[in-house]
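Structure, as structure tokens:
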Amino acid sequence: MIINKATYNFTAMNIKACIFDLDGVIVDTAVYHYKAWKRLANEMGFDFTEHQNEQLKGVSRMASLELILGWGNVTNKTEAEKLELATRKNDWYTEMIGQMTPAEILPGAREFVQACRDAGLKTAIGSASKNTPTILAKLELLPLFDAVVDGNSVSTPKPDPEVFLKGAEELNVEPSACVVFEDAIAGIEAAINGGMKTVGIGSPDMLTRADMVVSGLDKMTLDILDKL
């Protein structure tokens, strides 16, 4: 994709950076999370549904575990046991994502991120996943991002804006000059709480607070971004 930088005056529009969530925006690892959480739930004697898995979008690992234990009416786990359960789930998940390839990048994601960079915008990942570096390496996407902020470098989950504010800080860009691309309600709220513009990836019926919503990055263009 060839971009004429003069066509887009993002500086005048006060857009200097794009921050992307990972899961559901750049790649869909929900199926791997689902398989690992379901295996854990089944080992504890109850089931875990795809609908419940959808409710974990943008939620940290330990917070996800708390929800799952609640759905299974499991109330007798110590903090040490909870940590062991979360670690076991992550081991299974890590084993699965270790087999990922660039073919699993969502349609249009690589092209749109590259277009943003070609137009002079800074780019970053802002994700709750502690496996973000592994996934980006497997997808061969690391060179496309100026900064990567994930669950290893932040302590407060979305809808707290910490992950996105840290991303803006690492890019040396004011939050108000950042656009966040998110597929989760908690992520959209986090971006809003951080004073950033938002593009929802998914259903407009669900992501009602986003400044605009598209079904995927294959439907996103610099022309659309220029109108944000």
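The values are calculated or read from the model by the stated rules, or taken from the named source; none is laboratory data. Computed from a prediction, not measured in an experiment: that's the story for all the values here. As a convention, Cβ positions derive from the backbone with ideal geometry for all residues, glycine included, and neighbour counts pool all protein chains shown. Note: areas computed on protein heavy atoms with side chains; ligands, DNA, RNA excluded. Shrake-Rupley method; radii C 1.70, N 1.55, O 1.52, S 1.80 Å.
Going 7 Å from the Cα of residue 114 in the Cα-to-Cβ direction, what parts of the range 125-142 have a backbone nitrogen less than 16 Å from that spot? Zone members listed by number: 139-142.
What separates the Cα centres of the range 28-49 and the range 88-125 is a distance of 22 Å. Close amide H pairs (under 5 Å, H built 1.01 Å from N) link residue 125 with 20, 147, 148, 149, residues at least 5 positions away or on another chain.
Computed over neighbours whose Cβ is under 9 Å from that of residue 30, the net charge equals -3, Lys and Arg +1, Asp and Glu -1.
Residues in the range 88-105 carry Karplus couplings, in order, of 4, 4, 5, 4, 5, 4, 4, 4, 6, 6, x, 9, 5, 9, x, 5, 8, 4 Hz; the curve used is 6.51 cos²θ - 1.76 cosθ + 1.60 with θ = phi - 60°, and Gly or Pro positions show x. For residue 185, the accessible area of its heavy atoms, probed at 1.4 Å with every protein chain present, is near 90 square angstrom.
Expressed as a rounded percentage, what relative contact order does the chain have, with Cα pairs under 8 Å and six or more residues apart?
Details: 378 pairs, mean separation 59.7, N = 228.
The value is 26 percent.
How large, in percent, is the carbon and sulfur part of the accessible surface of the range 89-228 at a probe radius of 1.4 Å? The nonpolar share, carbon plus sulfur, comes to 50 percent. Calculate how steeply helix 162-171 sits against the longest principal axis of the alpha-carbon atoms of the chain, using the helix alpha-carbon long axis, and give the answer as 0 to 90 degrees to the nearest 10. In the chain, helix 162-171 runs at an angle near 40 degrees to the longest axis. Applying the Karplus relation 6.51 cos²θ - 1.76 cosθ + 1.60 with θ = phi - 60° to the range 52-66 yields 3J(HN,Hα) values of 5, 4, 4, 6, 9, 4, x, 9, 5, 4, 5, 5, 4, 4, 4 Hz, where x marks Gly and Pro. The alpha-carbon of residue 166 sits under 17 angstrom from the alpha-carbons of these aspartates and glutamates, leaving out residues fewer than 8 places away in its chain: 21, 146, 150, 174, 182, 189.
What value, in deg cm²/dmol to 500, does the helix sum -39500 (n - 2.57) over DSSP H runs of n ≥ 4 give at 222 nm once divided by the residues of the chain? Walk me through the intermediate numbers first.
Details: 9 runs with 91 residues, N = 228.
The per-residue figure over the chain is -12000 deg cm²/dmol.
Axis of helix 109-118 versus longest Cα principal axis of the chain: the two differ by about 40°, to the nearest ten degrees.
Using the Karplus relation 6.51 cos²θ - 1.76 cosθ + 1.60 with θ = phi - 60°, the per-residue 3J(HN,Hα) values for the range 149-160 come to 10, 9, x, 7, 10, 10, 10, 10, x, 4, x, 5 Hz, with x marking Gly and Pro. Within the assembled protein chains, the solvent-accessible surface assigned to residue 179 is about 0 Å², based on a 1.4 Å probe. Distance between the modelled labels on residue 67 and residue 227, one decimal in nanometres: 3.3 nm (7 Å Cα→Cβ projection). Within straight-line reach of residue 38, meaning a Cα separation under 17 Å, sit the following lysines at least 8 residues removed in sequence or on another chain: 57, 82, 89. The H on the amide N of residue 17, modeled in the peptide plane, is under 5 Å from the matching H of 122, 179, each at least 5 residues off or on a different chain. The largest accessible area among 206, 100, 212 belongs to the first residue in 206, 212, 100, and the rest follow in falling order (1.4 Å probe, all chains).
GNM on the chain, C-alpha springs below 10 Å: top fluctuator among 44, 62, 96? Maximum fluctuation in the GNM of the chain, among the listed residues, is at 44.
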